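Below: one structure, written as structure tokens.
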Amino acid sequence: TLHHPAQPYDLTFAQMETKRGQIPLASGRLSLGERFASAVRVFGIERVAALAASSYLVGMVCPGLHSIYRNLNLTTAAITPGGLNFRVKYSDEDYRLIRLAVWGAGWTGLVDSYGRPPPAAQTNMASLAQRIVPGEFVGSVALVIGGSRGLGELTAKLLAAGGARVIVTYAVGQADAARVQAEIVASGGQCDILRYDIRHSAEEQIAALPVMPTDIYYMATPQIFQRAEAGFSRDRLQDFLNFYVIGFSALCRALPAQSRPDIAVFYPSSVSIDERPANMTEYTMAKAAGEVLCQDMRSFETWRHILIRRLPRLPTDQTATLYEDDQGDPVTEMLPILRAMHATQAISAAMV
């Protein structure tokens, strides 16, 4: 069977275990020769094309959509016509390991990969509505930075289910933001979407807001869990600082000065400051720096309503692992925060 899907397969583990077929080699041989000139000189264009096909095999066919390419162990063989053949030789559902036997196009050997669980999906609006008091967030206009997925998505949906108008921002996931908006609107809520990238000018992007917010939830984050490096990485620290310190400060400074004293701001910190998990030094340092920034901003009259909470590890795309693990309930964690923010905003409005 020739496997050449336009979109990656999303297979159950049982479906993975019986997968077999052939992957056609890339047609753009000239491009491969230009990009991997040294490899082509050693192995030849057919074998290099087959190596590229092994990546396509893992990421698109088996395991497919939610996969990790672990390693390959190949031996050169005679070059035969056709593509890269494969069959599942071994699988372990407990460890979600898939071992593929591959042959053809000048190679024979094994490719190991992991089939990850699907990304964490946030609770739907109908279920969230059952956990809040109807209308409890009416009067809030909430700007949720990074609200297209993860905790930002959950925050936006909880607020909208309680009657708030929400503005969901995204940096690259426009389709995700549109999906969140559609779900909120279909349930009778109010939701706008706005592209906002913390790496670009905050002033220009804030100018596109349809309405000035009463609450801000700063859920922007880069990729947290990356390949562990030996020692400290200045580049990783700078990346985290750009999101958790510099980007946050730029957003606040971009808001009109006359609006700042009345805006309630939520800054999510992390229990990693207390727990100090391995290989998260730069992330922890940046979150600690963000707390210091918020505390100093809060000491000025113009930013008196900044709420900081150290959140535990909660189920999101970022925290998904190969194995099931015990994580907290994000709704239980976030609801008291949303209620505290709304109470703060209501008190502030009453003082005007």
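The values are calculated or read from the model by the stated rules, or taken from the named source; none is laboratory data. Quick caveat, the model's predicted, so the values are computed rather than measured. Here the Cβ positions follow ideal geometry from the backbone for every residue, glycine too, while neighbour counts run over all protein chains shown. In case anyone asks, the SASA skips ligands and DNA or RNA and just uses the protein heavy atoms, side chains included. Shrake-Rupley method; radii C 1.70, N 1.55, O 1.52, S 1.80 Å.
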Go through region 106-126 and count every residue that is among the polar types (S, T, N, Q), modelled with pLDDT under 95 and not in a loop (DSSP other than H, G, I, E, B). 1
Going by the structure shown, is Val138 in contact with a Gly (Cβ under 7 Å, 6 or more places away or on another chain), exposed (fewer than 15 other Cβ atoms within 10 Å of the Cβ) and assigned to a loop (DSSP other than H, G, I, E, B)? yes
Helices (runs of 4 or more DSSP H) wholly inside region 3-105 that include at least 3 residues being closer than 25 Å to Pro117 by Cα: 13-17, 45-56
Subset of region 65-75 [hydroxyl-bearing (Ser, Thr, Tyr) and surrounded by 17 or more Cβ atoms within 10 Å (Cβ to Cβ)]: Ser67
Look through region 16-71, keep the residues that are within 30 Å of the chain's Cα centre (by Cα) and aromatic (Phe, Trp, Tyr), and return whichever of them is nearest to Ile98 (Cα to Cα). Tyr69
Any chance you could count how many residues in region 263-285 are under 25 Å from Ala142 (Cα atoms) and surrounded by 21 or more Cβ atoms within 10 Å (Cβ to Cβ)? 7
Restricting the first residue to region 283-311 and requiring it to be part of a strand (DSSP E or B), which pairs with a second residue that is open to solvent by 90 Å² or more (accessible area, probe 1.4 Å) and at pLDDT below 90 meet a Cβ separation below 9 Å and a spacing of at least six or different chains? Ile306/Arg298; Ile308/Arg298
Return the only residue of Ala129, Ala78, Ala177, Ala182 being at pLDDT 95 or above and surrounded by fewer than 22 Cβ atoms within 10 Å (Cβ to Cβ). Ala182
Among (1) open to solvent by 60 Å² or more (accessible area, probe 1.4 Å); (2) out of contact with any Gly (no Cβ under 9 Å at 6 or more places or on another chain), where does Trp107 come up short? (1)
Per the filter on region 49-64, residues over 17 Å from Ser91 (Cα atoms) and open to solvent by 10 Å² or more (accessible area, probe 1.4 Å) are Leu51, Ala52, Ser55, Tyr56, Met60
Sort through Arg298, Arg339, Arg260, Arg253 and tell me the only one that's farther than 28 Å from Glu204 by Cβ, surrounded by 12 or more Cβ atoms within 10 Å (Cβ to Cβ) and at pLDDT 85 or above. Arg339
Checked Val144, Val166 against criteria (in contact with a strand residue (DSSP E or B) (Cβ under 9 Å, 6 or more places away or on another chain), within 20 Å of Ser270 (Cβ to Cβ), part of a strand (DSSP E or B) and of a type outside the set (D, E, K, R)); the one match is Val144
Which of (1) in a loop (DSSP other than H, G, I, E, B); (2) in contact with a Phe, Trp or Tyr (Cβ under 8 Å, 6 or more places away or on another chain); (3) open to solvent by 30 Å² or more (accessible area, probe 1.4 Å) does Ile198 not meet, given it meets every other one? (3)
Does Gly231 meet the test of being at pLDDT 95 or above, of a type outside the set (A, V, I, L, M, F, W, C) and either surrounded by fewer than 12 Cβ atoms within 10 Å (Cβ to Cβ) or assigned to a loop (DSSP other than H, G, I, E, B) (or both)? no
